[in-house]
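The values are calculated or read from the model by the stated rules, or taken from the named source; none is laboratory data. Because the structure is predicted, anything quoted here is derived from the model rather than measured. Note that we place each Cβ from the backbone using ideal geometry, even for glycine, and neighbour counts take in every protein chain shown.
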Amino acid sequence: MSVLLRRVRPYGEGDPVDVLIEDGIITRIEADLDAPSAEVVDGAGAIVLPGFVDLHTHVREPGREDTETIETGSAAAARGGYTAIFAMANTSPVADSVVVTDHVWRRGREVGLVDIHPVGAVTVGLKGTALAEMGTMHAGEAGVRLFSDDGHCVADPLLMRRALEYAAGLGVVVAQHAEEPRLTENAVAHEGATAARLGLTGWPRSAEEAIVARDAILARDAGARVHICHASTAGTVQLLDWAKKQDIAITAEVTPHHLFLDDSRLETYDAVNRVNPPLREASDVAALREALASGVVDCVATDHAPHAEQDKCCEFSQARPGMLGLETALSVVVASMVETGLLDWRGVARVMSERPAEIVGLTDQGRPIAVGEPGTLTVVDPDTRWTVAAQDLASLSANTPFDALELPAVVTTTVLRGRVTHRRTTSEVS
Ligand code: DOR
């Protein structure tokens, strides 16, 4: 089977070319190719990038299939331009054993729209008291390469030290949800003037920064690789910069929502804006954008967190934290990073695809667009704007803070190893 992407511009550079993919591999990149038997996708001058890789997705299967399944999460990922996602371990049962991690991997392959790599839990049941069998999960069919208790911090410093020591031996990465739990008891919003005025319990920046600093030092001493989930403060950026200058093997992600929204959104008390870590202040947003542009923050990750209506349409302090991200990520990155002049399309490929693949050592994703490389690609129309409609998303849940917002750029086509996994129909754009 072959696919011909007609009139596309790799990385948005140069004149349009045709890209032919045969048996999953790019075999020709030339102007005006002829391939009579190929499935033809006309890009009409659109941009082609390597398929996006998300290091942080909550798929909710097993356990909360009322909010997202591997099938609906895969469809949302393909629509968002993703060709690989990392499914977080806070499912029910928790992905703390090879039975669960291999199940998620196999079910993802069955659906076939996106590579779903399970993230293994660091601690048994995410309870933070005993290490999970990281080696067994790594040795399983899924070959787990990223471990995280995300949703919870591995707060015990000795346990985190041991996890990093094991990870170094296995050659895998520990992704930390950096939150010192004693500093965030009952916290629901960024600690600052807005939360004080609204009567919401504050979540200080120090809760994140204390753990980032601690874990950078623990990773240094263990000779391990640590990845910081959803960096949200200007202070975290400074710590990452310091640690990288010491040659500590630390990497970090930022979410689209932390690049675009600040805590002024909380004025309405709409719980769609409740998320962990919380939306911060405009000065943090500016620092995160600069850090992503400079490489101090390595990549974008969605923290796609579907929730049921009853868990969001309630009092702010009672709502579950988290927001959808897969289907709006590219547009939000374009609005915050490309339209502001901070990133070009090469830069988008770096933060959405190449760096995340490198961090976890994927060798078949985030590759250059070149002959002989995998036909795993995303086509983006940079000139079409669209209005987000929560109910029309492929996700089973609707908790997006971007509902009714007009955003730039649409993903028109996603291709995974030569198979078209998403193709936009005009009805999807309003
Ligand atoms: O807001 C969040 N929601 N942050 C997390 O770390 C976990 C996630 C979830 O699982 O809903």
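Miscellaneous remarks
- ASP156 being of a type in the set (Asp, Glu) and away from the ligand (no atom under 12 Å from the Cβ): yes
- Every condition in (1) within 24 Å of MET352 (Cα to Cα); (2) of a type in the set (A, V, I, L, M); (3) away from the ligand (no atom under 11 Å from the Cβ); (4) buried (at least 22 other Cβ atoms within 10 Å of the Cβ) is met by VAL338 except one, and the failing one is (4).
- When region 251-290 is filtered for residues that are within 16 Å of the ligand (Cβ to nearest atom), over 15 Å from SER336 (Cα atoms) and part of a helix (DSSP H, G or I), the ones remaining, listed by number, are ASP263, ARG265, LEU266, ALA271, VAL272, ASN273.
- Hey, THR236 free of Cβ contacts under 8 Å to residues at least 60 places away in the same chain, polar (S, T, N, Q), touching a strand residue (DSSP E or B) at 6+ places or on another chain (Cβ under 8 Å) and within 16 Å of the ligand (Cβ to nearest atom) or not: yes
- Enumeration of residues in region 69-88 that are within 16 Å of the ligand (Cβ to nearest atom) and in contact with a helix residue (DSSP H, G or I) (Cβ under 8 Å, 6 or more places away or on another chain): ILE70, ILE85, PHE86, ALA87
- Residues in region 294-328 that are out of contact with any strand residue (DSSP E or B) (no Cβ under 7 Å at 6 or more places or on another chain), part of a loop (DSSP other than H, G, I, E, B) and within 14 Å of the ligand (Cβ to nearest atom): PRO306, HIS307, ALA308, ALA319, ARG320, PRO321, GLY322.
- Failed item in (1) part of a helix (DSSP H, G or I); (2) touching a Gly at 6+ places or on another chain (Cβ under 7 Å), with ASP221 passing the rest: (2)
- Qualifying positions in region 34-74 - touching a strand residue (DSSP E or B) at 6+ places or on another chain (Cβ under 8 Å), surrounded by fewer than 24 Cβ atoms within 10 Å (Cβ to Cβ) and of a type outside the set (Val, Ile, Thr): ALA35, SER37, ALA38, GLU39, ASP42, GLY43, ALA44, GLY45
- Some residue of region 412-425 being surrounded by 20 or more Cβ atoms within 10 Å (Cβ to Cβ), among the polar types (S, T, N, Q) and out of contact with any helix residue (DSSP H, G or I) (no Cβ under 6 Å at 6 or more places or on another chain): yes
Results for (1) touching a residue at least 40 places away in the same chain (Cβ under 8 Å); (2) crowded, with 24+ Cβ neighbours inside 10 Å; (3) part of a helix (DSSP H, G or I), shown as yes or no for each residue.
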site: ILE211; (1), (2), (3): yes, yes, yes
site: HIS227; (1), (2), (3): yes, yes, no
site: SER232; (1), (2), (3): yes, yes, no
site: ASP247; (1), (2), (3): no, no, no
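- Members of region 160-187 that are crowded, with 18+ Cβ neighbours inside 10 Å and assigned to a loop (DSSP other than H, G, I, E, B): VAL172, HIS177, ALA178, GLU179, ALA187
- Filter pass, VAL124 being surrounded by fewer than 23 Cβ atoms within 10 Å (Cβ to Cβ), in contact with an Asp or Glu (Cβ under 7 Å, 6 or more places away or on another chain) and in contact (Cβ under 8 Å) with a residue 40 or more places away in the chain: no
- Residues of region 127-140 satisfying the condition of being touching a residue at least 40 places away in the same chain (Cβ under 8 Å) and over 25 Å from PRO181 (Cβ atoms): ALA139, GLY140
- Residue under evaluation LEU362, criteria (1) assigned to a loop (DSSP other than H, G, I, E, B); (2) crowded, with 23+ Cβ neighbours inside 10 Å; (3) in contact with a His (Cβ under 9 Å, 6 or more places away or on another chain), criterion not met: (2)
- ALA95 being touching a residue at least 60 places away in the same chain (Cβ under 8 Å), closer than 21 Å to LEU326 by Cβ, of a type in the set (Gly, Ala, Ser) and within 16 Å of the ligand (Cβ to nearest atom): no
- Residue check, ALA409 assigned to a loop (DSSP other than H, G, I, E, B) and modelled with pLDDT of 95 or more: no
- Residue in region 387-402 that is closer than 16 Å to ARG9 by Cα and not basic (Lys, Arg) present: no
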